[in-house]
Amino acid sequence: MKPRHKRALLIVAALAVISVAALLILNALNSNIALYVTPSEVAAGKAPNGQAFRIGGMVKDGSLKRDGLTVHFVITDMAKDIPVSYTGILPDLFKEGKGAVIQGRLNPNGEFVASEVLAKHDENYMPPEAKHALEQAQKNGSNK
Amino acid sequence: MIPEFGHYALILAFCIACIQGVLPLIGAHQGRREWLILARPAAQTVFCLLAIAFAILAWSFYINDFSVLYVAEHSNSQLPLMYRIGAVWGGHEGSLLLWIFLLSTWTILVAQLSKALDEFMVARVIGVLGLVTSGLLLFVLTTSNPFDRLLPAAQDGRSLNPLLQDPGLVFHPPMLYMGYVGFSVAFAFAIASLLSGRLDAAWARWSRPWTTAAWVFLTLGIALGSWWAYYELGWGGWWFWDPVENASFIPWLVGTALLHSLAVTEKRGGFKSWTVLLAITAFSLSLLGTFLVRSGVLTSVHAFATDPRRGIFILIFLVIVVGSSLTLYAWRAPKSAVGGKFSLSSRETLILLGNVFLVVSAGSVLLGTLYPLLIDALHLGKISVGPPYFNSVFVPIMIPLLVLMGVGPWANWKNTDLIAVIKRLWLAGLVAVVAGISIPLVMGQFTWLAGVGFLLAFWVIASGCLQIVRQAKTGKPTRSFMGMQVAHLGIAVFVIGITMVGGYQEEKDVRMSAGDTVSVGGYEIQLQSVAEAPGPNYKAMRGTFLLMKNGSTEATLYPEKRSYFSSTMPMTEAAIDVGLTRDIYVSLGEELGDKSWAVRVYYKPFVDWIWGGCLLMALGGVLAISDKRYRIKLKKQLS
């Protein structure tokens, strides 16, 4: 084989690896992305149907109720409230009146069933997604 | 007064670093010896000044000087001494100072250990490092001065985030940064050789041990971080595909590719342009990692309170470094590859293929990390890319790489008979298939993922054993050869660990009162009591659990729920019974009323093999560096 052909073959092999990887990536991106949705958007029916997504917002004061290992609480952007249920152990920094990000799906009753409550690592830290939701709601409120 | 000396030392260090960055490079270009010999003394001075600044910051923590803003924000008079010292790099400003101090440490090591190297080359390498140092010092001085004063001084500090109050803080950041920053040496060697136009095997031989050393530190740093997350975050995971973890893992993948590519350049003179490009990429990705972590664009455990100016500065710095080095590369990289010729079936080809897999996997992780940022920046909405993405992309790319790992070391340079190699490997293949089928069955359940995991791990192990046997027949194996074997064995051990944990761990969230028992992985765990326990700067609720197997008690576990005095943040401290073949992990959730507690228990088979594998990889790197051919040169230098 001539050196030129060898080089061409190596390049073809490398391109094959890259294109297989690209296929994997596109496929995985399609099925594994979670959209961030604000509570107002959920209330307006803009949440993806039957697909997992994330909500950012504040845990409403006085809304936390326990039922064995299952907890019920309300997540809010100060404009709209969304009821949430979660079974499992809550992260250390989960508190009423603090920001939180949760991932899960809506059930037919309009309750958000969380599969994951995201832990924050610093008490003074506000998740940007929760902040974003509050700002959006405030903006919409002042426009009315 | 003392903190002002620290600030002053930083300013002086910046000025001298500018000299270190500019004069030797010009001197080397124009052949002016009197400028070029400034490189070493300048680097030594910068190192001393940075050491002074660093010591002063540590001193301010030691004496609780809360008139220094950074100390007031990250320490507290009740904080134990060890964590006060660790807190020096517990925040943004201090960790950057550590970054620069370590950069200067690498520079000084290069300056001291490269006396046999041509002085033009040394001057260029030190000059490039000087430019990087001065850029980062400018960043610290303009946006992140750790010596800023707080007037009037605070009565007491805000204390360190309780998550960071752990021995992990003392070791993880310096190790990780040693690795991150260490790639700057490979980068400097690459740039220096481009500048001189002398890209030869000698260059690769010089830069190889430095790259391996950086890689060893990075491996250990990532492993320490993973282990810390495992026991300290309280919820038992060892890798979360958190963007900041990815930021350290991407340079690791590219650095691994660089190590292998350097081997080809050293032994065969091939792949020169590719090696240089990898060296530039590895360091650029380290800088990108710093940008991602420090700019606050990411939501993660490492995101400190942030300032947008910092992100913009690092971004500009990154653009300058990447832009100028790629321009230089386009201009000076060898146009025609004049390396040794090799056939398609040769070690060169296999290493190149492995390189492609490593770089592509790094690219896929990078894409998953940056994709949400990109979508957000284009105002297309906010999304998150979670672990399932990384698992479903990364794992399939690693499978062929592990297959290659068993074959590559058998192939000869230049030209090899692949059929003969495969014939030699039938025994390894048999061992792998038997392990892949039988181990999942022994563990009680066969899944394809577990089967493939064990198959690959034992393929690598068996192939390695056969290689050692063959090598031992022809003579004493070199350290360099043993280094490769140990590092590859480390990968196999690591794969066994993740396969076991991924396939056979058991997790239970339960509600428990005193006297209740939960069973997991063939063990019974009984809650004895939960009682209050005092600590130096916190008070804890401490659970007492008995770990039993077949009715006999094996251990007592004490998980805690702590509340720190200086913060309202509770902390979960897990209790772990460590074993060679399994960990039992208990952590205490919240009190659920009527004296019952939420409790999470895990049975994690072979989980410690994950970090054991990383240790072996690092050990392999150390063995490779200690190879005779590097030491001979050192002896020559001394005489």
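The values are calculated or read from the model by the stated rules, or taken from the named source; none is laboratory data. All of these numbers come straight from a predicted model, not from anything done at the bench. Because the Cβ atoms are built from the backbone with ideal geometry, glycine has one as well, and the counts that use them run over all protein chains shown.
Observations
- Within segment A:1-22, the set of residues being closer than 17 Å to B:S346 by Cα, hydrophobic (A, V, I, L, M, F, W, C) and surrounded by 12 or more Cβ atoms within 10 Å (Cβ to Cβ) comprises A:A8, A:L9, A:L10, A:A13, A:A14.
- When the test is whether a residue is under 25 Å from B:Y630 (Cβ atoms), within 15 Å of the chain's Cα centre (by Cα) and in a helix (DSSP H, G or I), B:G179 passes it.
- Residue count, segment B:37-75 (criterion: of a type outside the set (A, V, I, L, M) and more than 14 Å from B:I2 (Cα to Cα)): 10
- Search result, residues across segment A:33-51 that are in a strand (DSSP E or B) and either in contact with an Asp or Glu (Cβ under 6 Å, 6 or more places away or on another chain) or farther than 27 Å from B:D376 by Cβ (or both): A:Y36
- Within the set B:L402, B:L373, B:L366, B:L358, the sole residue that is in the same structural domain as B:W239 (by TED's automatic domain parsing) and over 20 Å from B:T281 (Cβ atoms) turns out to be B:L402.
- Counting only strands (runs of 3 or more DSSP E) that sit completely within segment A:52-118, those holding 1 or more residues that are buried (at least 18 other Cβ atoms within 10 Å of the Cβ) and either among the basic types (K, R) or within 14 Å of another protein chain (Cβ to nearest Cβ) (or both) correspond to A:53-59, A:70-76, A:81-87, A:99-106, A:112-117.
- All conditions in (1) in contact (Cβ under 8 Å) with a residue 24 or more places away in the chain; (2) in a helix (DSSP H, G or I); (3) under 25 Å from B:V128 (Cα atoms) hold for B:A202, with the sole exception of (1).
- Of all residues making up segment B:355-368, the number that are among the small types (G, A, S) and surrounded by fewer than 21 Cβ atoms within 10 Å (Cβ to Cβ): 1
- Residue within segment B:273-281 that is within 26 Å of the chain's Cα centre (by Cα) and at pLDDT below 90 present: yes
- Of all the residues in segment A:23-48, those that are surrounded by 15 or more Cβ atoms within 10 Å (Cβ to Cβ), free of Cβ contacts under 8 Å to residues at least 40 places away in the same chain and hydrophobic (A, V, I, L, M, F, W, C) number 8.
- Candidate set from segment B:235-285 (those that are part of a helix (DSSP H, G or I) and among the aromatic types (F, W, Y)); member that is surrounded by the fewest Cβ atoms within 10 Å (Cβ to Cβ): B:W274
- Test: residue in segment B:6-29 that is within 29 Å of the chain's Cα centre (by Cα) and of a type in the set (S, T, Y): no
- Boolean, B:L102 is closer than 22 Å to B:F189 by Cβ and crowded, with 17+ Cβ neighbours inside 10 Å: yes
- Per-region count, segment A:15-45, residues more than 27 Å from A:F73 (Cβ to Cβ) and either more than 7 Å from chain B (Cβ to nearest Cβ) or touching a Phe, Trp or Tyr at 6+ places or on another chain (Cβ under 6 Å) (or both): 11
- Residue identified as of a type in the set (G, A, S), out of contact with any Leu (no Cβ under 8 Å at 6 or more places or on another chain) and assigned to a helix (DSSP H, G or I) among B:S77, B:S95: B:S95
- Only one of B:A450, B:A420, B:A411, B:A428 that is at pLDDT below 90, in contact with a helix residue (DSSP H, G or I) (Cβ under 7 Å, 6 or more places away or on another chain) and either over 30 Å from B:I250 (Cα atoms) or more than 14 Å from every other protein chain (Cβ to nearest Cβ) (or both): B:A411
- Within segment B:435-479, the set of residues being in a helix (DSSP H, G or I), small (G, A, S) and more than 21 Å from B:R424 (Cα to Cα) comprises B:S438, B:A450, B:G451, B:G453.
- Of all residues in segment B:369-394, exactly one satisfies the criterion of being part of a helix (DSSP H, G or I), surrounded by fewer than 16 Cβ atoms within 10 Å (Cβ to Cβ) and within 8 Å of chain A (Cβ to nearest Cβ), namely B:P388.
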